[in-house]
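Single-structure report; data block below.
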Amino acid sequence: MFIQSLLLGLIGVICILDSRLLGRLNLERPLIVSTLVGLVLGDLQTGLMVGASLELMALGIVNIGAAAPPDMNMASIIATSFAILSNANAETALTIAIPISVLGQMLGILMRTILSNLSHRADTLIEEGKYGGARNIHIVYGSVLYSLMYFIPIFLAIYFGTDLVKQLVDMIPVWITDGLTVASKILPAFGFALLLNTMLTNRLIPFLLLGFFITAYSGLSIIGVAAFACILAFVMSEIKFRGDGNSNVDPDPLDDL
């Protein structure tokens with residue numbers, strides 16, 4: 001368990017440093033990080049299932065400025081680990097993910113407060129001409145603090161808390177568990193609705209309805225509907241770009257007319 005906890009803690013470190021130090025590799029997405037957890041724990045299928053559910057919840061969560069949204073990355077690592085190690089289903093993992101994401105949010109707020117004070121210290125060092133110290137604050141100290149913010153909770157939760165978390169879940173009243181289960185089913189739809197709110201236009205509404213009715217009445221799985229959508233997008237792009245050969249400027253397909 002020590003090695004697994006250590007590896008999962010390192011996955012958390014890589015996850016938190018993505019978009020901060022490693023560039024934008026999308027390793028901090030719940031689907032990706034849960035898959036990595038499943039790979040480490042030897043249950044890739046459960047990792048994918050839990051990751052897909054958590055990804056739907058996280059679709060509408062966007063980091064804006066200094067705002068700290070619920071931390072779905074930490075929640076994904078711990079919830080997926082719990083689901084695999086305790087043989088729990090995806091719904092139970094989602095009930096664990098919700099409070100963990102709030103905990104990660106509070107840790108994120110605390111970390112931003114600490115780093116804001118370090119930024120003032122870096123300004124002072126720059127005024128004094130101590131550029132090396134300012135560089136260390138931004139690159140070294142910030143990265144180390146963010147890494148510890150993820151590594152310590154994840155390591156402790158996996159190494160010490162798997163049985164404890166399971167006992168706590170068993171102690172939760174049934175009505176609370178049922179309520180969290182309902183919420184876990186609503187939140188993916190809510191996250192998807194937030195995403196549609198930013199990208200849906202009048203021209204795209206027929207495609208949304210087409211996908212809805214195909215999913216509801218065709219009996220196809222999500223993979224089948226996604227494959228059909230990819231083929232439809234390819235055919236339409238071929239028709240559009242080959243049929244507009246006489247036009248120098250293509251109209252924006254997202255424009256509302």
Give, in nm to one decimal, the length gained when the segment between Asn26 and Phe2 is fully stretched (0.36 nm per residue of separation minus the Cα-Cα distance). 5.9 nm
Please arrange Glu127, Glu55 by accessible surface area, largest first, computed with a 1.4 Å probe and ligands excluded. Glu127, Glu55
Mind giving me the FRET efficiency for Leu148 and His120? R0 is 25 Å, r the Cβ-Cβ distance, nearest 0.05 is fine. 0.75
In nm, what is the difference between 0.36 nm times the number of residues separating Ser19 and Tyr141 and their Cα-Cα distance? 42.3 nm
Sequence ranges 92-101, 221-230, 16-25, ranked by mean other-Cβ count within 10 angstrom, highest first: 92-101, 16-25, 221-230
HN-Hα J couplings of region 129-141 from phi, Karplus 6.51/-1.76/1.60, θ = phi - 60°, integer Hz, Gly and Pro as x? x, 8, 5, x, x, 5, 5, 5, 4, 6, 8, 8, 4
Taking all protein chains together and a probe of 1.4 Å, list Asp43, Asp178 from the most accessible to the least accessible. Asp178, Asp43
Environment charge of Phe234, counting only residues whose C-beta is closer than 14 Å and scoring Lys/Arg +1, Asp/Glu -1: +1
For a Förster distance of 25 Å, can you work out the FRET efficiency between the beta-carbons of Ile109 and Asn87, rounded to the nearest 0.05? 0.15
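The values are calculated or read from the model by the stated rules, or taken from the named source; none is laboratory data. Computed from a predicted model, the values in this text were never measured in an experiment. Cβ atoms come from the backbone with ideal geometry, glycine included; neighbour counts cover every protein chain shown. Please note that ligands, DNA and RNA were not included when accessible areas were found on the heavy atoms of the full protein model with its side chains. Shrake-Rupley method; radii C 1.70, N 1.55, O 1.52, S 1.80 Å.
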